[in-house]
Amino acid sequence: MQSIGEQPAKTQSEPYEPGSEADFERLYRDTYRRILGTLITLVRDRATAEDCTQETFERAYRSWASWRPNAPVEAWLHRIAINVAISNGRRERLRQAGELIRRLGRPDPGPDPAAVAERSDLVTAIQKLPTRQAAALVLRHFHGYSNREIAAALGIPEQTVASRLSAARKHLQAVLGR
């Protein structure tokens, strides 16, 4: 029985109210296992996935008041989780590279890579691309992300990534004469 002034408990199917502490707690309870499962699949390590899940919910909590109910809340959470997994992968690769450098020592300094890159015909051509095409191209070919990862990072459909990459390649082929 409910006392006077007490709100009835919301069920899982009721909509969430942005900024509501109680609704965020309900969201956490309702989605934790699915978000964890997604992250275990992405990072392939349960302990890392649990850390990423906590970071996902921390980020979501910080932006909970600004979430708009016109998008599914679980899709919003999964987008945050995927971005956390991508960031975690980058940090891990940087940590591994740092460990390797410490073990091997620093190589002899060669020419300044920034100066070489600035003189590169390819870099000059990429700088002339529209920003959205250049971003997709750099994420794909310089950082090795898949179209799915690029789509998640940029918040666009995978088909849009593919079309931007195609347009960028055509432009570069025309400019570089290849």
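The values are calculated or read from the model by the stated rules, or taken from the named source; none is laboratory data. The structure presented is a predicted model; accordingly, all values stated were derived computationally and were not measured. Every residue, glycine among them, receives a Cβ derived from its backbone with ideal geometry; neighbour counts consider all protein chains shown. Ligands, DNA and RNA are excluded from the accessible area calculation, which covers all protein heavy atoms including side chains. Shrake-Rupley method; radii C 1.70, N 1.55, O 1.52, S 1.80 Å.
Quick one: putting +1 on the C-beta of Lys and Arg, -1 on the C-beta of Asp and Glu, what dipole do you get for segment 48-100 around its Cα centre, in Debye to the nearest 20? In total the dipole reaches around 280 debye. Label sites at Arg79 and Gln96, each approximated as a point 7 angstrom past Cα along Cα to Cβ, lie 2.9 nm apart. Seen through its C-alpha gyration tensor, with square-root eigenvalues sorted a ≥ b ≥ c, segment 26-174 comes out oblate because a/c lies at 1.5 or above while a/b is not bigger than b/c. How about segment 22-83: which trypsin sites (Lys or Arg not before Pro) there lie in a loop by DSSP and see at most 14 other Cβ atoms within 10 Å? Qualifying residues, ordered by number: Arg44. For the set His78, His141, the ranking by accessible area, highest first and with no ligand, DNA or RNA atoms included, is His141, His78 under a 1.4 Å probe. A Förster radius of 22 Å combined with the Cβ-Cβ distance from Tyr32 to Ser66 puts the calculated FRET efficiency at roughly 0.55.
Would you work out which of Ala85, Pro69, Pro109 lies farthest towards the positive end of the dipole of segment 36-178? Charges go on Cβ: Lys and Arg +1, Asp and Glu -1. Positive-most Cα among the choices belongs to Pro109.
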